[in-house]
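The values are calculated or read from the model by the stated rules, or taken from the named source; none is laboratory data. For clarity, every value in this text was computed on a predicted model and none was experimentally measured. Reconstructed Cβ throughout: ideal geometry from the backbone, glycine too, with neighbour counts over all protein chains shown. Each accessible area value is taken on the protein alone, full model and side chains, heavy atoms only, with ligands, DNA and RNA left out. Shrake-Rupley method; radii C 1.70, N 1.55, O 1.52, S 1.80 Å.
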Amino acid sequence: MELLSRMPFTAVLLLGGCSCGLFGGYRVTPGAPACDPAVQPLDGVFVSDASGSDTGSGTTLSPFRTIGVAINLAIASSRSVVYLDEGTYNEAVTLPDTPTGLYLEGGWVATGASWARDCTAGAIGRTVIAAPATASVAVTADGVRHASGLRSLTVTTKARGESLADGSGESLT
């Protein structure tokens with residue numbers, strides 16, 4: 001399943017058990033809980049585009065810089081959440097199937113080792129997974145069968161597909 005459009009997620013996008021086409025097999029959970037600024041992140045892997053490093057440890061004090069590296073650690077350590085500091089992550093991300101499920105959760109603000117929920121208006125638009133210029137897809141779900149998804153973030157792709165002379169074209173929805 002590929003996510004191709006500019007989509008802010010106000011609820012949880014659950015992925016599972018689908019080998020069908022574009023957007024097939026997803027559902028948005030109605031009545032998702034309201035944002036609570038008092039909530040603290042649980043055991044997960046942390047990512048900050050602004051202050052992270054891919055040589056870090058993925059902790060609140062030493063977050064990774066890229067989501068892909070964080071996903072790899074989440075899989076290796078059986079963690080089910082990758083927490084994203086507000087920012088724009090210019091990378092194509094593959095959400096794999098894991099026994100514990102895997103959620104990418106935006107809407108967090110990192111200040112040193114302290115991570116807090118951003119419950120202000122427009123917070124969802126401040127954590128962005130953006131397809132790099134070389135990719136048409138920002139997020140791909142690969143064979144996901146266990147509850148997994150995206151929370152409190154925006155996914156963007158390039159504005160229009162490319163069409164090369166004497167070559168095939170590309171379409172985006």
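A few notes on this one:
- For segment 49-68, filtering for residues that are out of contact with any Gly (no Cβ under 8 Å at 6 or more places or on another chain) and not in a loop (DSSP other than H, G, I, E, B) leaves 2.
- If you go through segment 144-153 and keep only what is open to solvent by 30 Å² or more (accessible area, probe 1.4 Å), out of contact with any Ser or Thr (no Cβ under 7 Å at 6 or more places or on another chain) and of a type outside the set (A, V, I, L, M, F, W, C), you end up with 145, 151.
- Residue 94 vs. criteria of a type outside the set (Lys, Arg), open to solvent by 30 Å² or more (accessible area, probe 1.4 Å) and in a strand (DSSP E or B): yes
- Residues of segment 97-121 classified as under 13 Å from the mean Cα position of the chain (by Cα) and surrounded by fewer than 18 Cβ atoms within 10 Å (Cβ to Cβ), total: 0
- Segment 69-91, residues that are acidic (Asp, Glu) and either open to solvent by less than 10 Å² (accessible area, probe 1.4 Å) or in a strand (DSSP E or B) (or both): 85
- Of everything in segment 6-61 that is in contact with a helix residue (DSSP H, G or I) (Cβ under 6 Å, 6 or more places away or on another chain), at pLDDT 90 or above and not small (Gly, Ala, Ser), the residue that is most open to solvent (accessible area, probe 1.4 Å) is 54.
- Near pairs, Cβ below 6 angstrom, 6+ apart or cross-chain, from segment 57-76 (more than 18 Å from residue 144 (Cα to Cα)) to any residue that is modelled with pLDDT of 95 or more and assigned to a helix (DSSP H, G or I): 58/70; 58/73; 64/70
- Subset tally (residues that are touching a residue at least 40 places away in the same chain (Cβ under 8 Å) and either among the aliphatic types (A, V, I, L, M) or in a strand (DSSP E or B) (or both)) for segment 97-114: 10
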